[in-house]
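This report concerns only the one structure given below.
Quick note: the coordinates plus some simple rules give every number you see, no bench work behind them. Just so it is clear, the structure is predicted and the values come from calculations on it, not from any experiment. Cβ: placed from backbone, ideal geometry, glycine included. Neighbour counts: every protein chain shown.
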Amino acid sequence: MTVLVLLGAPGAGKGTQAKFLEEQLGIPHLASGDLLRAAVGARTPVGVEADRFMSRGQLVPDATMIRLFLDRLAQPDAAGGAILDGFPRTRPQAEALDEALAERGARVDRALLIDVPIEDLVQRAAGRRICQASGHVYHLVANPPKVPGVCDIDGTPLIQREDDREETVRARMNQQLGALRDVVGFYRSKDILKTVDGRQPIAAVGESLLAAVDPAGAA
Ligand code: AP5
């Protein structure tokens with residue numbers, strides 16, 4: 001089982017690169033944000049609770065997040081491993097993940113930090129568009145769709161995420177960067193952290209991430 005954790009501030013490019021790594025490595029991409037947005041859309045109890053936090057740019061409480069994500073990680077398609085995008089986001093989540101993996105005789109093989117300066121992140125969020133069907137990610141300038149406003153893969157309309165309004169993006173930065181630093185420190189202390197320069201073009205970031213994945217552990 002190969003478990004990769006993608007780390008980065010909101011808008012650093014985790015979702016974009018997770019899709020690329022999924023194709024290259026043949027293990028599924030599990031995104032905490034996609035799980036939460038599906039729950040919000042379906043108006044489940046978890047979704048109703050999560051919406052209160054997400055709309056303010058705050059982290060969803062650990063207990064809820066840990067249950068939701070670890071349930072997803074236990075599904076059969078992740079038996080051979082997964083690329084974790086957006087989880088863990090706090091130290092308690094990182095510890096809960098370690099415990100759950102240890103029960104399966106597994107561990108986090110590599111934590112990959114996509115490092116992007118804060119000034120670039122607000123601009124990225126403002127230009128981001130996602131497809132309604134599967135959350136494929138575009139950017140109006142850096143990664144536009146072939147036909148404006150339409151997903152290349154699903155043919156569905158592209159929308160702007162609710163939490164990509166500038167004031168919510170700034171709130172996400174303010175409230176979430178401290179927790180990100182904790183999680184980065186957690187994996188650095190375990191000596192499994194690799195940092196990649198996320199200011200490079202999208203394809204170059206992908207190649208840097210692939211190079212940072214230990215071939216013995218994941219390729
Ligand atoms: P989530 O959906 O995980 O959002 P996020 O971490 O804020 O990350 P984003 O999806 O905004 O960015 P990304 O890094 O995936 O970047 P992307 O590839 O899209 O979480 C949403 C909310 O849910 C959170 O705010 C929180 O409330 C809650 N939540 C989620 N997980 C949680 C947890 N574990 N615990 C508690 N709460 C949780 O790229 C961004 C844009 O930049 C795109 O337009 C893309 O095309 C463009 N781009 C990408 N790479 C490049 C590049 N190299 N150059 C130029 N443009 C680029």
Worksheet item: If the Cβ limit is 7 Å and pairs must be 6+ apart or interchain, which residue in the range 13-34 that is more than 16 Å from THR2 (Cα to Cα) pairs with which residue that is in a helix (DSSP H, G or I) and more than 10 Å from the ligand (Cβ to nearest atom)?
Response: GLN17/LEU209
Practice prompt. Being in contact with a helix residue (DSSP H, G or I) (Cβ under 7 Å, 6 or more places away or on another chain) and within 11 Å of the ligand (Cβ to nearest atom) is the filter here, so list the residues in the range 13-29 that pass it.
Written response: GLY13, THR16, GLN17, PHE20, HIS29
